[in-house]
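Novice: One structure follows; several queries about it will come next.
The values are calculated or read from the model by the stated rules, or taken from the named source; none is laboratory data. Remember, it's a predicted structure, so these values are computed and weren't measured experimentally. Counting neighbours? That spans all protein chains shown, and the Cβs are built from the backbone with ideal geometry, glycine included. Accessible surface areas use protein heavy atoms only, side chains included; no ligands, DNA or RNA. Shrake-Rupley method; radii C 1.70, N 1.55, O 1.52, S 1.80 Å.
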Amino acid sequence: MISTIYIEEEIANHPRTLAILKRFPDATKISCQRYGEVFNSKSQNFRLQKKQAALILARKHKGLVLPSPKEYAIGAELNYYFSHMLNCLYDCRYCFLQGKFQSAHYVLFVNYEDFIEEMQLLLNQHDEEAVHFFSGYDCDSLALDPVTDFTSEFLPFLESNPRALLELRTKSTQIRSLLKREPIKNCVIAFSFTPDKIARTLEHKVPDINKRLQALLDLQEAGWQIGLRFDPLIYTKDYAKEYSELFNEIFSKINPELTHSISLGGFRLPKDYFRKLEKLYPDEKLFASPQAEEKNNIGYPAEIRHEMLDFCENIITQHIPAEKFFPCHETI
Amino acid sequence: MIHIFCALPCEAQPLIQHFKLPDLKEFDLFRIYQSKDKEISLTITGIGKLNMAAAVSYQHACLNTAASDIWLNIGVAGHANIPLGEVRLVNKITDNHDNTTWYPQIIFNSPCKSTHLITLDKPSTDYQDSLYDMESSAFYQIAIRLGSAELIHCLKIISDNTEQDTATVNADKVKKMISAQVQIIEKLIDRLKPLSTEIYSITAEPEHYQHLIEKLHFTQSESLQLSRLLRQWSLRLPDEDVMQLIADNKSGKAVLKTLRDTINNSEFAIHD
Ligand code: SF4
């Protein structure tokens, strides 16, 4: 799967680096000073690199845990995100990472201990308040878990800090390490869904809807809290029928008690990301969707946006209480 | 197109023969060879970074290269302990002068092993665990401005090592070493070609774009809009004849309006 690994000199002997290298004895190893030399260099093609992305092992020095936008909150006032990884195994055509990064290589910051220390500091600063941490902004939280050991390193911290809540955002079925341990109340595994036909068209290399739903049900069965993320909502002429079928399928099977939160938001991207993606995938219909520009973002025209959000909201609120529902009704 | 750069005539000769590349007489600053179908060119650069940098720029100007082209620096190099005649693709280039480093992107199954290379200003027999040459950093530094990192590579054949240093290298030996690795060079090109084709396909202008740009006036931002709308048209209304629809439009602005209105009024399904 991974045939090239770049290794920052500084973390060449970090125990996590050594453990990961052991898993890939045949990979070509290339040392570098800072991961940006490889990852940020110009004249790279994200689309081509996606065919055989390399792994870059690096150390995150600053900006380890950052405030996250209010629109994405799921019930707390204090919200932070952190990225132990940049980029993703999967290849969703709407993914903003394709616009954000020059390179499709996976960067893994191996110094988890520094992330955890910073999270602890934040908790200490906000005595007695709930603090939510989000891990899936710049990657899929679980897709590479068997390689990164992310959950087994971070969950003990959550366990000893009940005021913190961690959202693991995923489309993956890599839940083995979660099922192996006792569930933790303050960890939400949030699965993203689009209707089957849309997923088949746009979500490449991603486990199909049934497999994702099964993983979600297995987690609930084991006592884990799950989240549902219908973000991005994708427009197509039969969206009402397709989303109704998806909601029926999901809500007829899940346990509402162990459903922590549901959020949704229309497809939108910062304008420069949208333009970059449009160039990378000129034959992709998604970028020929009905579109409007607002505040330097491109998304669906207001009429379509509101119609879709209202439609979905109507169905969702029939299944779960309003306090668990977090629509993203921002402008584009 | 594939552009090959060799420092020495003896590195170039087996490739000129193998790929059947006639000399392009009209260019006299550097010797440039090109196949009849214009698919492969080869330039003899001379030794050292300055020569290489000048040759890559010159070749680019002479042959009008494109963003989807493949760029290869093929030649011999020294290494402490890799046996003579073995071939390596370069995965990291360091310029010994200022330690600047580049990382060619090997995102295909390499036909041979890959390793690190150091480009020196002067020849040296102080071998270490890296390839040594005198041109690659200059080649990469210029080529990366013209193409994409995934399509720019250096392939080196070991001509000297601690057991047999540069004093034992001669033109005849080099020719034989390069000839012996022609199959690997072919394989490398075969693996790069689909990537090049993919870049070509995404950089090509949509159908009718060139015709319309030549026929009507479009400002720079309008040309961008035209390209985008023609693309959207081909995705949303693939069975409709766009030229018939805009046949009566007398200006660029009118064309854009017709395209935009028709696209906006069409139904949108993201899948069949
Ligand atoms: S799963 Fe998420 S992070 Fe991965 S490609 Fe899809 S949208 Fe991007």
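Novice: Might you let me know whether the stretch A:58-75 holds any residue that is within 16 Å of the ligand (Cβ to nearest atom), more than 10 Å from every other protein chain (Cβ to nearest Cβ) and closer than 25 Å to B:Ile199 by Cα? Even if it seems obvious, please write down each step before you answer.
Specialist: So the first thing to find is which residues in the stretch A:58-75 are within 16 Å of the ligand (Cβ to nearest atom), and the list is A:68, A:72.
Those still in the list that are more than 10 Å from every other protein chain (Cβ to nearest Cβ) too: A:68, A:72.
Imposing the further condition that a residue be closer than 25 Å to B:Ile199 by Cα reduces the set to none.
No: the stretch A:58-75 contains no residue that is within 16 Å of the ligand (Cβ to nearest atom), more than 10 Å from every other protein chain (Cβ to nearest Cβ) and closer than 25 Å to B:Ile199 by Cα.
Novice: Looking at A:Leu309, A:Leu286, can you tell me which residue is within 13 Å of another protein chain (Cβ to nearest Cβ), assigned to a helix (DSSP H, G or I) and surrounded by 19 or more Cβ atoms within 10 Å (Cβ to Cβ)?
Specialist: Details: A:Leu309 fails: within 13 Å of another protein chain (Cβ to nearest Cβ).
So the residue among A:Leu309, A:Leu286 that is within 13 Å of another protein chain (Cβ to nearest Cβ), assigned to a helix (DSSP H, G or I) and surrounded by 19 or more Cβ atoms within 10 Å (Cβ to Cβ) is A:Leu286.
Novice: Using the structure shown, decide if A:Ala164 is open to solvent by 10 Å² or more (accessible area, probe 1.4 Å), away from the ligand (no atom under 14 Å from the Cβ) and touching a strand residue (DSSP E or B) at 6+ places or on another chain (Cβ under 7 Å). Break it down into steps so the answer makes sense when it comes.
Specialist: Details: open to solvent by 10 Å² or more (accessible area, probe 1.4 Å): no; away from the ligand (no atom under 14 Å from the Cβ): yes; touching a strand residue (DSSP E or B) at 6+ places or on another chain (Cβ under 7 Å): yes.
In short, no.
Novice: Right, something else. So, in the stretch B:225-246, how many residues would count as being open to solvent by 60 Å² or more (accessible area, probe 1.4 Å) and more than 9 Å from every other protein chain (Cβ to nearest Cβ)?
Specialist: Total meeting the criteria: 6.
Novice: Which of the residues that make up the stretch B:247-267 are out of contact with any helix residue (DSSP H, G or I) (no Cβ under 9 Å at 6 or more places or on another chain), in a loop (DSSP other than H, G, I, E, B) and away from chain A (no Cβ under 13 Å)? Walk me through how you get there before you give the answer.
Specialist: Filtering the stretch B:247-267 for residues out of contact with any helix residue (DSSP H, G or I) (no Cβ under 9 Å at 6 or more places or on another chain) gives B:247, B:250-251, B:254, B:257, B:261, B:264-265.
Adding the requirement that they be in a loop (DSSP other than H, G, I, E, B) leaves B:247, B:250-251, B:265.
Within the stretch B:247-267, B:Ala247, B:Lys250, B:Ser251 meet the criteria.
Novice: Within the stretch A:85-100, is there a residue that is without any contact (Cβ under 8 Å) to a residue 40 or more places away in the chain and open to solvent by 30 Å² or more (accessible area, probe 1.4 Å)? Give the steps one after another, and end with the answer.
Specialist: Narrowing the stretch A:85-100 to residues without any contact (Cβ under 8 Å) to a residue 40 or more places away in the chain: A:95.
Cutting the leftovers down to open to solvent by 30 Å² or more (accessible area, probe 1.4 Å) gives us A:95.
Yes, the stretch A:85-100 contains a residue that is without any contact (Cβ under 8 Å) to a residue 40 or more places away in the chain and open to solvent by 30 Å² or more (accessible area, probe 1.4 Å).
Novice: Just to be sure I understand, how many residues within the stretch B:212-221 are assigned to a helix (DSSP H, G or I), surrounded by fewer than 17 Cβ atoms within 10 Å (Cβ to Cβ) and not hydroxyl-bearing (Ser, Thr, Tyr)? First the steps, then the outcome.
Specialist: In the first step, residues of the stretch B:212-221 are kept if they are assigned to a helix (DSSP H, G or I); the result is B:212-215, B:220-221.
Imposing the further condition that a residue be surrounded by fewer than 17 Cβ atoms within 10 Å (Cβ to Cβ) reduces the set to B:213-215, B:220-221.
Restricting the remaining residues to those that are not hydroxyl-bearing (Ser, Thr, Tyr) gives B:213-215, B:220.
So the count comes out to 4.
Novice: Going through B:Ser179, B:Ser227 one at a time, which residue ends up being at pLDDT 95 or above and either aromatic (Phe, Trp, Tyr) or not assigned by TED's automatic domain parsing to the domain that holds B:Val90 (or both)? Step through it out loud before you land on a result.
Specialist: Values: B:Ser179 fails: either aromatic (Phe, Trp, Tyr) or not assigned by TED's automatic domain parsing to the domain that holds B:Val90 (or both).
On inspection, the qualifying residue turns out to be B:Ser227.
Novice: List pairs: first in the stretch A:20-31 and more than 10 Å from chain B (Cβ to nearest Cβ), second modelled with pLDDT of 95 or more and open to solvent by 80 Å² or more (accessible area, probe 1.4 Å), Cβ under 9 Å, 6+ apart or cross-chain?
Specialist: A:Leu21/A:Lys29
Novice: Residues to consider are A:Ser152, A:Ser103; find the one that is hydroxyl-bearing (Ser, Thr, Tyr), within 14 Å of chain B (Cβ to nearest Cβ) and either touching a residue at least 40 places away in the same chain (Cβ under 8 Å) or more than 16 Å from the ligand (Cβ to nearest atom) (or both).
Specialist: On the way: A:Ser152 fails: within 14 Å of chain B (Cβ to nearest Cβ).
Testing whether each residue is hydroxyl-bearing (Ser, Thr, Tyr), within 14 Å of chain B (Cβ to nearest Cβ) and either touching a residue at least 40 places away in the same chain (Cβ under 8 Å) or more than 16 Å from the ligand (Cβ to nearest atom) (or both) leaves just A:Ser103.
Novice: Specify which of the listed residues (B:Ile199, B:Ile189) is within 15 Å of the chain's Cα centre (by Cα), surrounded by 15 or more Cβ atoms within 10 Å (Cβ to Cβ) and more than 10 Å from chain A (Cβ to nearest Cβ).
Specialist: Details: B:Ile199 fails: more than 10 Å from chain A (Cβ to nearest Cβ).
Checking each option against the conditions leaves just B:Ile189.
Novice: Let me ask something else. Name, by its number, the condition in (1) touching a Lys or Arg at 6+ places or on another chain (Cβ under 7 Å); (2) more than 15 Å from B:Gln181 (Cβ to Cβ) that does not hold for B:Leu50.
Specialist: For B:Leu50, the failing item is (1).
Novice: If you don't mind, another one. How many residues are within 14 Å of chain B (Cβ to nearest Cβ) and more than 16 Å from the ligand (Cβ to nearest atom) when one looks only at the stretch A:202-244?
Specialist: 9
Novice: Right, something else. Can you name the residue in the stretch A:44-67 that is in a strand (DSSP E or B) and in contact (Cβ under 8 Å) with a residue 24 or more places away in the chain and, of all such residues, is farthest from A:Gln125 (Cα to Cα)? Give the derivation first.
Specialist: To start, the set of residues in the stretch A:44-67 that are in a strand (DSSP E or B) comprises A:55-58, A:65-67.
Right, trim to in contact (Cβ under 8 Å) with a residue 24 or more places away in the chain and you get A:55-58, A:65.
Values: A:Leu55: 35, A:Ile56: 33, A:Leu57: 30, A:Ala58: 28, A:Val65: 13 Å.
Across the stretch A:44-67, the extreme among qualifying residues is A:Leu55.
Novice: Could you please give the count of residues in the stretch A:167-200 that are more than 14 Å from chain B (Cβ to nearest Cβ), more than 18 Å from the chain's Cα centre (by Cα) and within 15 Å of the ligand (Cβ to nearest atom)?
Specialist: Matching residues across the stretch A:167-200 total 0.
Novice: I'm trying to understand the selection: among the residues of the stretch A:268-284, which are without any contact (Cβ under 8 Å) to a residue 24 or more places away in the chain and farther than 16 Å from A:Gln102 by Cβ?
Specialist: A:Glu278, A:Pro282, A:Asp283
Novice: Of the residues that make up the stretch A:115-133, is at least one open to solvent by less than 20 Å² (accessible area, probe 1.4 Å), within 16 Å of the ligand (Cβ to nearest atom) and within 15 Å of the chain's Cα centre (by Cα)?
Specialist: no
Novice: How many of the residues making up the stretch A:38-59 are more than 24 Å from A:Glu203 (Cα to Cα) and surrounded by fewer than 21 Cβ atoms within 10 Å (Cβ to Cβ)?
Specialist: Final tally of qualifying residues: 5.
Novice: Anything in the stretch A:227-257 that is part of a helix (DSSP H, G or I) and surrounded by fewer than 17 Cβ atoms within 10 Å (Cβ to Cβ)? List them, or say none.
Specialist: Of the stretch A:227-257, the ones part of a helix (DSSP H, G or I) are A:239-251, A:256-257.
Passing the criteria: A:Ala240, A:Lys241, A:Ser244, A:Glu245, A:Asn248, A:Glu249, A:Pro256, A:Glu257.
Novice: Take the conditions out of contact with any helix residue (DSSP H, G or I) (no Cβ under 7 Å at 6 or more places or on another chain) and modelled with pLDDT under 95 and apply them to B:Ala149. Does it pass?
Specialist: Numbers: out of contact with any helix residue (DSSP H, G or I) (no Cβ under 7 Å at 6 or more places or on another chain): yes; modelled with pLDDT under 95: no.
Taking the combined requirement at face value, the residue does not satisfy it.
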